[in-house]
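A.B. asks: Below you will find the structure I want to go over with you.
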Amino acid sequence: MQLSCVTKSKKWRKEMGTMLNEEKKWYEKAGKESDVVISTRVRLARNLADMPFPNRMTPDQKAAVERRVRDAILSGNSAIASDFDFVQMDDLSNEQAVSLVERHIVSPEFIANAKGRGFLISKDECISIMVNEEDHVRIQVLHEGLALSEAAEMADRIDTLLNESLRFAFDSELGYLTQCPTNLGTGMRASVMLHLPALTENGAMSRISTNLSKLGLVIRGTYGEGSNVIGAMYQLSNQITLGLSEKEAVENLQNITMQLISEERKTRASLSKNINVQDKVGRSAGVLKNARLLSCDEYMKLISNVRFGIAEKLLSGITLEDIHTLTVAVQPATMAAAHGSNLSAGQRDILRADEVRKALKALQ
Amino acid sequence: MMCQNCGKNPATTHIKTIVNGKLAEYDLCSECARAKGYKSFFNFDDMDFDFNNLLGSFIGAPTGRSNAMRCPKCGASFEEIAESGKIGCAECYNVFRDRLMPTIHRIHGAAKHKGKVPGSNALRIVEPAGKIAVVEEPTPIEKKRAELKEAIEKQDFEHAAELRDEIKEMEKGDGNHA
């Protein structure tokens, strides 16, 4: 059984290079409310009761935790064994590892110290289980568009399944015990990735982020803690995990997200009548359709305007899904993983411009 | 008034948070406020915020006492936890509960866990009359062994043989976990 995991991991590694030709993954699709919501993520933090937390674990203990979590999912009597692969980080190149972060499958922290670490991933890349990150087990469910309750339900099912063979540290008052007290309680962090070009443009984000922090929610850059805001992409998530049930936290986040969506849409409707905004959208499309050199930053800024243009019907010819697929494909490490790792930044910018021109041919 | 986080600079930012209807207020210097993410949108881009470091200082500065109490399970002292912002193990939450509670309340409000409770297979820590007890449900293999004993007592040998084989299988499975 364990041997087959190794083969699976090697097979998966080979497939990574060709993944862009395969069936569409969640991050290439457009889901509910996709004009504003790119994707939804729900994460659960769990720890084994009989082991120290990762910061105080010996390498042997880390290996034991990894084995137990892996067996819990991949062992013969697990209902979902055939849906998951175990990937050992040591088997991946640096570019492949960074590409995982670009696709939000693992956290930046997870690959920063990847030696000896591994994770489980579902075939469709919607579910990943990181082992020995900040906590022993981090269950993560990703979904395109706005799908908070669906994602939370799936994470809950994976947790229940793991709980059949693993004992999780739990306290009746403090809930699930975590290495960092900020995750105590449900251990659940739910988030939505939002594209808010109009609210960014009219300077409303400052007021919004202040108001959100009062509601126990936090809004930050795309790749989570400490990351920058690129192309008007924001991650909105719940901050409080103790004293609110999973359901309450998800409902709260859902309500606020719906309010933000309606505010963004209203602002978009009025901005899209403004000739300066129309000009900016048109020029962005022009540059992307004709550039011969494109850095990732420039791409992200311009595609944000184009995405806004498509959603507001100022532009046509391509879909939001096309944009999602392209955006993942032109991230630096994902490009390197697909085209070979010895690309220089300059060569990458040429290749990126080529791919963007090709993908946006029908854009007008 | 000095900053409640670093204690070094005068507090310039007053922060109010309402968590679960409970108002928490603190005063921070501009640097700490920035680090915690309270700042204008216009500087949002270079927001760089490591909660663990900040948490370390929230939990309280290390006092450097040499005879510090240590967690019997993982060996962490409260000073080490305060410095790193990372709890050592599940047992630390019991050993250092009184000293961790103010921080936990600052983060989440004075709240008790609401939500999912693990299934019977999980370790439960309950506190009857102030004493900490560890209640463990029987594992599946223990349940089977009890069933086997019962079957033998009832002289249901066919069922007992089945159970014996099942237990053998389970024991094999357990070996892989060790």
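A.B. asks: Report yes if some residue within region A:67-81 is within 17 Å of residue A:327 (Cα to Cα) and at pLDDT below 85; otherwise report no.
C.D. replies: no
A.B. asks: In region A:160-235, which strands (runs of 3 or more DSSP E) lie fully inside it and hold 1 or more residues that are within 18 Å of the chain's Cα centre (by Cα)? Let's see the steps before the verdict.
C.D. replies: Values: elements: A:169-171, A:188-195, A:217-220.
Counting at least 1 such residues, we get A:188-195, A:217-220.
A.B. asks: Residue check: is residue A:288 part of a helix (DSSP H, G or I), over 26 Å from residue A:143 (Cβ atoms) and not hydroxyl-bearing (Ser, Thr, Tyr)? First the steps, then the outcome.
C.D. replies: On the way: part of a helix (DSSP H, G or I): yes; over 26 Å from residue A:143 (Cβ atoms): yes; not hydroxyl-bearing (Ser, Thr, Tyr): yes.
For residue A:288, the condition - part of a helix (DSSP H, G or I), over 26 Å from residue A:143 (Cβ atoms) and not hydroxyl-bearing (Ser, Thr, Tyr) - is met.
A.B. asks: crowded, with 21+ Cβ neighbours inside 10 Å and either among the basic types (Lys, Arg) or touching a residue at least 40 places away in the same chain (Cβ under 8 Å) (or both), is that true of residue A:242? Before the answer, list the steps.
C.D. replies: Values: crowded, with 21+ Cβ neighbours inside 10 Å: yes; either among the basic types (Lys, Arg) or touching a residue at least 40 places away in the same chain (Cβ under 8 Å) (or both): yes.
In short, yes.
A.B. asks: Going through region A:87-107 one residue at a time, which ones are more than 11 Å from the chain's Cα centre (by Cα) and acidic (Asp, Glu)? Please lay out each step first, then the result.
C.D. replies: Restricting attention to region A:87-107, the residues satisfying the condition of being more than 11 Å from the chain's Cα centre (by Cα) are A:87-99.
Matches in region A:87-107: A:90, A:91, A:95.
A.B. asks: Can you work out which of the residues in region A:135-170 that are small (Gly, Ala, Ser) and under 30 Å from residue A:322 (Cβ atoms) is farthest from the other protein chains (Cβ to nearest Cβ)?
C.D. replies: The qualifying residue farthest from the other protein chains (Cβ to nearest Cβ) is A:145.
A.B. asks: Got a sec? Which of A:255, A:305 is over 18 Å from residue A:358 (Cα atoms), touching a Lys or Arg at 6+ places or on another chain (Cβ under 7 Å) and of a type outside the set (Asp, Glu)?
C.D. replies: Details: A:255 fails: touching a Lys or Arg at 6+ places or on another chain (Cβ under 7 Å).
Only one candidate passes the filter, namely A:305.
A.B. asks: Could you tell me how many of the residues in region B:97-117 are modelled with pLDDT of 90 or more and part of a loop (DSSP other than H, G, I, E, B)?
C.D. replies: Number of matching residues: 6.
A.B. asks: Assuming residue A:242 fulfils every condition listed in (1) assigned to a loop (DSSP other than H, G, I, E, B); (2) more than 7 Å from chain B (Cβ to nearest Cβ) apart from one, which condition is it?
C.D. replies: (2)
A.B. asks: What is the residue count in region A:211-245 for residues that are at pLDDT 85 or above and among the polar types (S, T, N, Q)?
C.D. replies: 7
A.B. asks: From the list B:53, B:94, exactly one residue is more than 7 Å from chain A (Cβ to nearest Cβ), at pLDDT below 90 and in a helix (DSSP H, G or I). Which is it? Give the steps one after another, and end with the answer.
C.D. replies: On the way: B:94 fails: at pLDDT below 90.
On inspection, the qualifying residue turns out to be B:53.
The values are calculated or read from the model by the stated rules, or taken from the named source; none is laboratory data. Being a predicted model, the structure only gives us computed values, none of them experimental. A quick note on method: Cβ atoms are made from the backbone with ideal geometry, for glycine too, and the neighbour counts reach across all protein chains shown.
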